Structures are given as structure tokens and as C-alpha cells.
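This is the structure I want to talk about, given as C-alpha cells.
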């Protein structure tokens, strides 16, 4: 049996990460799902993929630990298969916090996860991709990469640095066959493991019922995964480096609502 | 037989326009192809679609003429079917011309085709789309919408105005079900009717052989069409408003090439 | 007596235009003030400058008329003096109007004043500046040049096109000594001739008293003029092409207000 | 004698930092100059300011050390005077380095100096400024904050993060009287302590003679200082948050040179 192409997902909860894994597995990839905690939740994602006839494996990973990302990449390449696509899906959202209650530690952790994590991943995985002459690095980003609002000191600095890093990687490696895509998710995702935990079960359910279900006002992660997959399949003569995703019923980050007559 | 959804293409040469028509027809739409001249070329595009089992019609259209776009939209809606998707694919590229050789007339024509044309289309087609609660407006754009180089006075002013118009339309109509996508084609497209005519047959063939075929350095329009189609199919909870497309071997507009060590 | 350098102001009401004229005159320029109507208001501006010891002249000008801008430039160069600095201060604001109540005529007029007007000015004045090896073109711009909100179809398309035109002019002429600056006024200006007329005397006075006087929430045009003057005096090794101006108490266009804890 | 307002310069070499100190001192501020090394160079800057009748003090500072910035701010506020304006002038430029020769340590140091350093400064100085209801934070930035080229992984990530941080600080504190300005220096500065050391004395002198002296192709730091001073004096109704500075003879980062006819 020919070895399957691997889609490695770093940050695989039940939102974007898990759904991207599911989609790529459904299309014939082997999905490797990594998340920091919740072995049970991870097992469920892997089992669901396998129950649907796909191929997947999972592991817990504390990405900010020394060598964690590096060892992961080497281990997957050696024992599972060639990483064709990797999704870097780690966020650094800590809610809106005024400067005086944003600690040095929080600010550093934001950078360590969201910016430095991608740098370490790139250094680890790109040499393998270069040998094969191709590879795709998908990066889930957020509005805070485009502009910084009050209270987003840690998140915006991490995301803004990461956006520039995506550009430097793209500038250095696109012509060598490595496709880096910076995907700006401009709105709240209907994701139980992140939004759900942030809000608590009751508020989350309420938000889903009001803004979500009726109006599609939350981004549906299984629909997001369709676009991620499309980006990873683009012919090399027509690569997208940056795109935005938002619900039709939401206001784009650059717009303010006005009274119009 | 149920009526097919219509994909109307304004600016349907053998490049992006024709290939988008082909793709949507292959997926079950009726394609309506409009271009300013070359009945023969138009007939060939329509015939090719029909030969492949698709459904299409074509008509010559001078888009800058009074009522031309308006009558086209009404005619299609009445006689052919509901416009589900419209591609506005008119450019205003006149090559790089210094200010002193860019005439008032050229500057105005650029605006009239590329900016005012989209405004007129939006005013004509959006009321129909609003009645149905959905619709997609795809706009082929260019790097000149993002920044103006020397010699691009007419083109950049037209494209930059159009980009803002796409944003105002999106801001006003997204929540009513109308998806406006501004697609920045950042590079030369392998299109015989535009690039081919600009360069002449010999230089075009040479460019195709050197930059194009070996290196995929020209954007292939049938590959571009895949992404256009994907955008038009995005679920309304995850719409893309803006994305870039370029060949992997090309330099992004925001990058300069540097010597690196 | 040596001839004074001329600062030509196209769009000289009692707001930015008139105050820029005043500032340049106070610094030794001869100010030429043009506006579409209100001879009395124009005379008052000229008289105020002269009463303060400055030098100025004024004329009514319908900028969208054929040859109006062209004749103005030639007339000033011939009869008054060399145009060192020109401020293009024509706006195209028509308030927030939904698409269906924005007419073809309004959309075209916006472009004709704000975009085409600058193109015509550039074609007229740049040859004179090139002969002298230097010159400054200041362009008052608005947030709508950066992003389009609902209801701004005409204004944003005109301003977005103009922004790109500023870039093409800068790219073509900076190295020849012509400084083009695109100044994004991101907020309401305390200007009786524009904001005042839009709101009517009562509402305007009320706005000045609440948002303006107490909080400096309206941009004060005599303070804006300080920065315009600074930009025009920058040494050619450190030119600014684009900057924003807004009241400290206002929210930047790229920001949304958030609840922060 | 009334206490002078303090202008604190973090990163005070003989380029932008030293010249900004000189300018503010000439206008009546007490300048505090900090740099990492070269006591002699620092003394010369302070002496020059004093010889010109200004008031200044200097100290060596390793900004990345724990508590260094924090202690500096407290010490100045206690012993010297109220910090009216602070210039954060630390760069993180390490030249163009391919990814595989950019170490984890270099990448982290870039962030620690350029991004985290500003965060620490903001946390230290803003409480003092809030008490007084006003203050100015000037941040020298670079093109790499706007887009990432190949080989700029460390620099661009640090600068891009910092740009977003400037926006979050501005969003949170502008309305409380604190003016944060992000100044994009888009080109090489004629600075012996940075450019000079990077190139070595011979190449630096040669560059000055060819690109610099004849063509003003290097940004002159004493001219840059004029604009920094202007920004710090803007009336609060007309604050600039972001502007670019480049030599008239240079190409803007968003432009590519084209052949035009």
C-alpha cells in the first residue's frame, strides 16, 4: 500500500483544527492531530475520522516546550509519513485585557505560542518539504493580525508578528514549492473547545441559538475546512497567500456601521 | 426541466472570463458570456462549453455604452434565467504610460469601464439578487488596486476606486445574502486575448515557453477558475471578501527581492 | 522685491483650505484661494490674510468645468508666480446614501471632482514644477480612501481611486523633486463651510459644544494646517507620503470599541 | 526654576536617537539618552547638547535585562523629571538571513528588544503619563513592520508585532491623552553607529558619497528629528498615529520599478 500524504494539525480541538483534520482525512490524507490537553477529546476526534473510513492519529503536545514541535515533526516524518500539509492552528487569545492587567508572562506566552511556535515549526518542517520540492503551511490567523484594538496587547502583537513571518516565509520559499497561506478568520468560530470554554456552556448555547443557528453568525468550522482544503489544493500557478473569512451577517474589521439613508 | 442558475460573465475572453464560464457550466450553471468584440472567438467559447455537455450563450457587449449593462441584466433575467453569480472581469490596463502621455480620455475610459461599470452592474443586478435573498458578485482585480506604480495613473485609479466600491457593496449587502469578492490577480495571466494581443504572437509564445510552461510563472486561467468557483460556493457563514492569486515563482507585490545570506 | 512662492489652494472654504492658505501666507507664501461659490466668504478669507500682513488672492472656480483647472494653473504661473505648493482639497462627500438612491450622476460627479480633478491638476502643474526641479502637492483625503463603508459608494470609489493616483504620481515624480502627500483626515473637521452646512447652524453649534470644544473631538483646521505646512517643508531626504490625522478622543478607522477588563 | 520636561530616548546612537535628543533639547526639553554601549560616544552626544546650551544626561542601558527599562523609567521620573515624551528607538535588524541560519536565539532576541521592550516601556511609563493626563510615545519603525521580505524572519516578526502593539496602545490610551506614533522609516538612515558599523568605514563612506551626499538618498537623521518633534507637538485634536519617511530618490516599499513609455 502506498504511503498516505500526511496533514499535520497543531492545535486540533473540536473547531477549525479538528474539522480540517476530518476534511483532509476524508480526501485521502492521514491526519495527525495534536493538542495540548484532553486525551479524551483527542481520541474522539481520531475515532470519528476512523469511523468515517479515514486514517488518523493523535497525540498530546505542549507546543511551547523546548523541542516539542521539533520532535513532533521528526517523529511524524520518520514513523508516519511525509508531511504534505501542516496547519498551524495555535492561538494566543486571552480575551480583552487592559494593559495594566496584562502581565509580562502573558505577553511572552502569546508570542511563544503564536509567533515563535510557527518559527520553530517552519525551521523543522521546511527542510523536509524542500527535499520533496513541495509542501503547504496553513496558518489560522485572526483580525488582530491586521489591526490592534484596545485590550489586545498580547494577542495582536503575537498575531501581527506572525503575519509578517508568514510573509517572510512565503517570500523565501514559495519559489521552492512551499505554499504558505495566512488565513484571517474575522469573527467568532462555532468551536466548543475555545469559544465554548471561554463563554461557559450556557452562554455558548445561547449565543449559538441567537447569533449562530438562525443567522449563521458564527463561522462554522466544517465550512472553514472546505476553504482550507481548497487552498492546499491550488495549482502552483495560482496560489493564495492571504484571504479573509467571515460570516455574511458580520461586519468586516475595516467597517464601522453607519446610518444610511 | 428546472431552470438552471445563471453565471453571467462580463469580459469573457479566452483567459479568466472564458474559463470561469467553462467551469461554472461544467458544474451545472448556464453560462452567459459577454465580450466587446470578436464574434468568432465568442462563438468558439460557447461551442466548446456545449460540446462538453454544458449550457451557454454569448453576446457582444460594449459595456461603456449607456444602458448596455442595464439592458443585459434585464434581458438575462427575463429571457435566460436568474443571475446567481456574475463575474465582472473588465480590466482597464493600458500598459505603463507616463503621465504626460496619458490623456484625459484614457483616464476617463479606465474609470468608465472598470469602476463605473461595476457600479452600474451592481445597481442593475442587486435588486434581483435581493428578491431572491442571495447572489454572488465576483470581481477580477489587479495589483494596481492595492498600490500604484509609476505609469499606472489610469489603471491604478480605476482599480483602487473599484476596490473601495467592492467594500461598500459588501458592507451594504453581505448581510442581505449578496457575496462580493474582490480577487487580486497579482501577476500575468496566460491569456491569449489580453496578454497575447498586448505582446504579439511571437513574444507571447516566447514568454509562455520560458516563464510559463517550464516554471508555471504565468497564472493559468483554468486554474484560476477553480478558485473563483470555490469562492462562489462558500457557505454564507465563511465568506471570503478578498484574496490574492499569484504564481509560486513570482514575487508578491509587497516584496522586493533581496540578497540574503 | 523678489517674487513670493505661491501656495495654491483648490477648495478653500473656512475649514482646512482656508487655514492652510492662512498658514502658508503667514510663513511668507502668496496664497491663491479657489472655491466654487460664495464670493463674500472668499473675500473675507483673503482680507483676513492681508489684514494679518500676508499676501493672498482669490477666485471662484468650478473645478469640474473643462479647462478650469488647466487655465487656473497657467494663469497663476503667468500672472502671480511659481506654484511651489498646491493643496488639492476638493472632497466628494455626499453623506451616506444607499446604493439605490445613489444616482449615476452623483457617482460620476464624485469621481469627476475628487479623482479626475487631481489627475487634471497633476497634468497641468507638474510640468511647471519639473522645470524648477521641485514642488509639493498636498492632497486632503478621507477615511473612505482606506476602506469603504456601507452608503459610501460614490465617496469611497472616488477617494480610493485618488489614493492610488497619489501613489502613481509619487512613484513617477518623487525622484524628480515633486513631493506628493496623501493626508488621511480620519474624523469630522470643525469646518463651518462643510460640516456646518451639512448639519445646519443649530446642530453644528451643538456638536461643537459637546464633542468639539470640551473634548477636542473635532479636528481643528488651524491645527491641521500646522501639519500640512510641516509636510511641505520636509527635507527631501525625509519625505512623508502618507499620514493620518484624527482627534485624540476619536476611534481610528481600523479600531472597533471593545469592552475590556 | 521650573523643572524641564523630559524627552527620554531609548536607543540613542549618533543617528535618529541622538538627533532627536538634540532637537528636543534645543527646544527646551531635558534629554535623557540611553544606549547599550560606548560610554564615550554617549558622553560626546551629551556634551554636544550641553555645548549648544541644552540640557541632557546619559546612561548605558541593556534594555533586554530584567527591570532595566522599569528601573530607568522610575529613576528618571524620580530624579530627573516628568517624562513628557519617550522615543523607543531600539531596532532588531540583523541583516538578511535565510531561515536555516536564523537561530532560535536570534529570533527571540529580536522580539525581546523590539516588541517586548516596547511593551515593558509602555507598562512602566504610561501610569506616570496617565497621572499627568498627557504624554507622547514615539516609536521608530521600519518597512519590515509593513511587509516581510525573504531573509527578514526575525526582524519582520518583531516589527510587525510591535506595529500592532502601537495600535493597541493607541486604541487604549489616546483618549486619555497619550499619543502613540508609529513612524515607518522606509530606507537607509545616514547613521554612523548602525549603518556605518554594519558596512564598515570604507563602504559607509563610499555609500555616503554616492547615494547620500549627491542625491540625498540616505535619510538624514537631523532632518528626521524635525518630523519627530513636529509629531510630538501636534495639538490633540489632530494627532498622527502612523506616517512614513523616505528619501525622495528612493522607491517606496509598495512600489516596484517599471519601464514606462
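According to the Cα gyration tensor, what semi-axes, each the square root of 5 times an eigenvalue, does the equivalent ellipsoid of chain A have, listed from largest to smallest in whole Å?
Details: eigenvalues 159, 92, 76 Å².
For chain A, the ellipsoid semi-axes come out as 28, 21, 19 Å.
Now for a different question. What fraction of the Cα pairs in the stretch D:170-221, stated in percent, has a spacing above 16 angstrom? Working shown, then result.
Working: 693 of 1326 pairs.
Of all Cα-Cα pairs in the stretch D:170-221, 52 percent lie more than 16 Å apart.
Nearest 10 degrees, 0 to 90: what angle lies between the long axis of helix A:39-51 and the longest principal axis of chain A (Cα atoms)?
Tilt relative to chain A: about 60 degrees.
Counting only C-alpha contacts under 8 Å and six or more residues apart, can you give the relative contact order of chain D as a whole percent? Could the numbers behind the result be given before it?
On the way: 459 pairs, mean separation 49.2, N = 261.
Result for chain D is 19 percent.
For the stretch A:1-100, take the alpha-carbon Rg, divide it by the Kirkwood Rh, and send me Rg/Rh. Before the final figure, lay out each step's value.
Values: Rg = 14.2 Å, Rh = 13.9 Å.
With Rg and the Kirkwood Rh in hand, the quotient comes to 1.02.
Additional query: Give me D for the stretch D:52-196 in µm² s⁻¹, whole number, from Stokes-Einstein with Rh from the Kirkwood sum over alpha-carbon pairs, 37 °C and 0.692 mPa s. Don't skip to the end; give the middle numbers.
Details: Rh = 16.3 Å.
So the translational diffusion coefficient is about 202 µm²/s.
Along Cα-to-Cβ, 7 Å out, sits the label point; list in nm, shortest first, how far the one on residue D:257 is from those in the other copies.
Spelled out, the distances from residue D:257's label point are 1.3, 4.9, 5.0 nm.
Here is a follow-up. What area, in nm² and to one decimal, does the C-alpha convex hull of the protein assembly as shown cast on average over all directions? All intermediate terms of the calculation are to be shown ahead of the outcome.
Numbers: hull surface 173.4 nm².
That works out to 43.4 nm².
Can you show me the helix-derived [θ] at 222 nm for the protein assembly as shown, built from DSSP H runs with n ≥ 4 at -39,500 (n - 2.57) apiece and divided by the number of residues, rounded to the nearest 500. Display every interim value, and only then the final one.
On the way: 32 runs with 388 residues, N = 1044.
Counting only the DSSP helices, I get -11500 deg cm²/dmol.
Can I ask one more? Work out how far the C-alpha atoms of the stretch B:112-192 reach from end to end along every principal axis, then list the three figures in whole Å, largest first.
43, 24, 20
How far apart are the residue B:209 label points across copies, placing each 7 Å from Cα toward Cβ, in nm, shortest first?
4.8, 7.0, 8.0
Would you mind computing, in nm to one decimal, how far apart the modelled labels at residue A:134 and residue D:100 are, each placed 7 Å from Cα along Cα→Cβ?
2.2 nm
Quote the relative contact order of the stretch B:1-148 in percent (integer), defining contacts as alpha-carbon pairs under 8 Å separated by 6+ residues. Kindly include the intermediate steps, with their values, before the conclusion.
Details: 220 pairs, mean separation 35.9, N = 148.
Relative CO of the stretch B:1-148 lands at 24 percent.
Right, another one. Pairs of alpha-carbon atoms within less than 8 angstrom and 6+ residues apart define the contacts here; what relative contact order does the stretch D:134-261 have, in percent? Present the calculation step by step, with values, prior to reporting the outcome.
Details: 153 pairs, mean separation 35.8, N = 128.
RCO, the stretch D:134-261: 28 percent.
So, one more: Specify the inter-centroid distance of the stretch C:18-53 and the stretch B:160-238, based on alpha-carbon positions, in whole Å.
Centre-to-centre (Cα) distance: 49 Å.
To the nearest 10 degrees, how steeply does helix A:221-233 sit against the main Cα axis of chain A, on a 0 to 90 scale?
50 degrees
Where does each of D:155, D:230 land when they are ranked from fewest to most other beta-carbon atoms within 10 angstrom?
Taking fewest neighbouring Cβ atoms as first place, the list is D:230, D:155.
In what order do D:72, A:90 fall by count of nearby beta-carbon atoms within 10 Å, going from fewest to most?
Working: D:72 22, A:90 26.
Fewest-to-most Cβ neighbours within 10 Å comes out as D:72, A:90.
Next question, about the same structure. Given label points at 7 Å from Cα along Cα→Cβ, what nm distances, shortest first, separate residue C:62 from the same residue in every other copy?
Spelled out, the distances from residue C:62's label point are 2.9, 7.4, 7.7 nm.
Still on this model: Pull out a ≥ b ≥ c, the square roots of the eigenvalues of the alpha-carbon gyration tensor of the stretch B:189-261, then state rounded if a/c is under 1.5, prolate if not and a/b is larger than b/c, and oblate in the remaining case. Mind dumping the intermediate values first?
Values: a/c = 2.73, a/b = 1.34, b/c = 2.04.
It comes out oblate by the Cα gyration axes.
Obtain the nm distance between the two label points defined at residue B:39 and residue C:65 by a simple spin-label model: each point lies 7 Å from its Cα along the Cα-to-C-beta direction.
Here the answer is 4.6 nm between the modelled labels.
Another question, then. Got a sec? How would A:172, D:70, B:226, B:78 order by Cβ neighbour count within 10 Å, fewest to most?
Values: A:172 26, D:70 15, B:226 18, B:78 8.
The order, fewest Cβ neighbours first, is B:78, D:70, B:226, A:172.
Name the nearest-to-axis residue of chain B, judged by Cβ distance to the rotation axis taking chain B onto chain C, and quote that distance in whole Å.
Rotation axis B onto C, closest Cβ, rounded to whole Å: B:161, 2.
If you don't mind, there's one more thing I want to ask. By how many degrees, between 0 and 90 and to the nearest 10, does the Cα long axis of helix C:117-132 differ from the longest principal axis of chain C?
Relative to chain C, helix C:117-132 is tipped by roughly 30 degrees.
Every read-out reported here was derived from the displayed coordinates using simple, explicitly stated rules and does not represent laboratory data. Remember, it's a predicted structure, so these values are computed and weren't measured experimentally. FYI the Cβ positions are ideal-geometry reconstructions off the backbone, even for glycines, and counts take in every protein chain you see.
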